[in-house]
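Structure first, commentary second.
The values are calculated or read from the model by the stated rules, or taken from the named source; none is laboratory data. These numbers come from a predicted model, not from an experiment. FYI the Cβ positions are ideal-geometry reconstructions off the backbone, even for glycines, and counts take in every protein chain you see. Surface areas here come from the heavy atoms of the whole protein model, side chains and all, with no ligands, DNA or RNA. Shrake-Rupley method; radii C 1.70, N 1.55, O 1.52, S 1.80 Å.
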Amino acid sequence: MACSTNAFSLSLSSTPNTKSSSDLNPNASGSFLRFKGPAKVSLRGSGSGELNLGRVSFSRPSGIKGRICVNATQVMDQKSSKAPTIVEVNLGNRSYPVYIGSGLLDQPELLQKHVHGKKVLVVTNATIAPLYLDKVVDALTKGNPNVSVENVILPDGEKYKNMETLMKVFDKAIESRLDRRCTFVALGGGVIGDMCGFAAAAFLRGVNFIQIPTTVMAQVDSSVGGKTGINHPLGKNLIGAFYQPQCVLVDTDTLYTLPDRELASGLAEVIKYGLIRDAEFFEWQEKNMEKLLARDPDALAYAIKRSCENKAEVVSLDEKESGLRATLNLGHTFGHAIETGFGYGQWLHGEAVAAGTVMAVDMSYRLGWIDSTIVKRVKDILLRAKLPTVPPETMTVEMFKSVMAVDKKVADGLLRLILLKGPLGNCVFTGEYDRQALDDTLSAFCKS
């Protein structure tokens, strides 16, 4: 589907799957219908210039009835009493599982069945390596003596997500004489996952890679969907590729070593899913935010599962961000401007997205697209999550505009934004809005 500002209008239900009382029970396991072939999304031309999330129209193979849902199941491994939840990202012959559960790094078979060659390169950082590198190496090699594992330890932080650091991965891969059957393993948060994935996409024109995310941000969002890349001084994530992993392994035990600030940052992405497409999930978050901050294992496992289901469904329908997937970037256009203008690493990604979300919601209200109760609920839940709701004082209107002008969602010189419209759980991706509303929002949140 080609990107344009007025070529499509697509609607999607505000919840990702069929709902029942068990959906809000973290201990419940849902049953979902899974189709072997990918579903087709029916897109109809419109002059509205917006991508509208309300309902979606699917075409199915003849004779098949029922609702199309992301596949989420639980499997019991014969060698372990722990049953990971599996969310499937359905992309035809490039489909892959997202394993979610406690103690998954102690189940070597989960990783080993996705390693195709005899050589593995683990890409991690100086913070994560002392905590989990040995455990991952053991999981890759236990009972598997033919596999050799190399590692490269990068500096930690968003400010290192650049070409210079990326070259260290290539240097190690070439020095280790890795071939096209090798597997890269990303062990860390979003920065490591993005860089390792991009390195895997480019090395020898593409090698296998596995995601092992260790932050909430990476577990609920960045590790799923195949977005990889690095930053440029003029803009965030402007250099990269869509490149899917072989699997994503989410061991929720890694969150016990996560700093409180990083935990809160990841919750910004969890909140996003509820706002744009899953109102029931948002309502669950309002009731359970304190449990999430307290690292209640059941609450965290449920939030990760539900977030991955939302992300997987959207990616399955729009892998290359032709339209629908762009809606996952609520608050990101403003947020990326904060990260770029304020300096990479000064604010965590989720902190910038949180402030950006408040700005996007403010603009939506100024356009008359949502009522004031949604504005209040968004600000309240972000404050409860210990996230900022205004940008840094040093950000100016001109700084926002200059960075937003090179945003990836600009098409033919027109800045398209993700804004809320209608009841909670609905949003639009559009380039057709009153520019005065954007100016008013920027002026309201900036001193100059």
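Laid out as a table, the results:
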| item | result |
| --- | --- |
| Neighbours by Cβ (under 7 Å, 6+ apart or cross-chain): first from region 203-224, surrounded by 24 or more Cβ atoms within 10 Å (Cβ to Cβ); second in a helix (DSSP H, G or I) and basic (K, R) | D221/K311; V224/K311 |
| Enumeration of residues in region 114-140 that are open to solvent by 60 Å² or more (accessible area, probe 1.4 Å) and out of contact with any strand residue (DSSP E or B) (no Cβ under 7 Å at 6 or more places or on another chain) | T127, P130, L131, D134, K135, D138 |
| Any chance A186 is in contact with a Pro (Cβ under 7 Å, 6 or more places away or on another chain), under 15 Å from V248 (Cα atoms), of a type in the set (G, A, S) and open to solvent by less than 10 Å² (accessible area, probe 1.4 Å) | no |
| Number of the exception - V70 against (1) among the β-branched types (V, I, T); (2) within 27 Å of T257 (Cα to Cα); (3) open to solvent by less than 20 Å² (accessible area, probe 1.4 Å); (4) at pLDDT below 95 | (2) |
| Residue within region 215-227 that is touching a Ser or Thr at 6+ places or on another chain (Cβ under 8 Å), among the small types (G, A, S) and in a loop (DSSP other than H, G, I, E, B) present | no |
| Y99 being in contact with a Pro (Cβ under 7 Å, 6 or more places away or on another chain), within 24 Å of V220 (Cα to Cα) and not polar (S, T, N, Q) | yes |
| Any hit, region 413-430, residues being modelled with pLDDT under 95, of a type outside the set (V, I, T) and open to solvent by 30 Å² or more (accessible area, probe 1.4 Å) | yes |
| Matching helices (runs of 4 or more DSSP H) fully within region 330-415 where at least 3 residues are among the aliphatic types (A, V, I, L, M) | 349-366, 372-384, 397-404 |
| Region 345-391 - residue that is modelled with pLDDT under 95 and surrounded by fewer than 20 Cβ atoms within 10 Å (Cβ to Cβ) and, of those, farthest from A218 (Cα to Cα) | Q346 |
| Selected residue (criterion: modelled with the lowest pLDDT) from residues of region 144-166 that are open to solvent by 80 Å² or more (accessible area, probe 1.4 Å) and more than 27 Å from the chain's Cα centre (by Cα) | P145 |
| Within region 105-208, strands (runs of 3 or more DSSP E) holding 2 or more residues that are within 15 Å of Q246 (Cβ to Cβ) and in contact with a helix residue (DSSP H, G or I) (Cβ under 9 Å, 6 or more places away or on another chain) | 119-125, 183-188 |
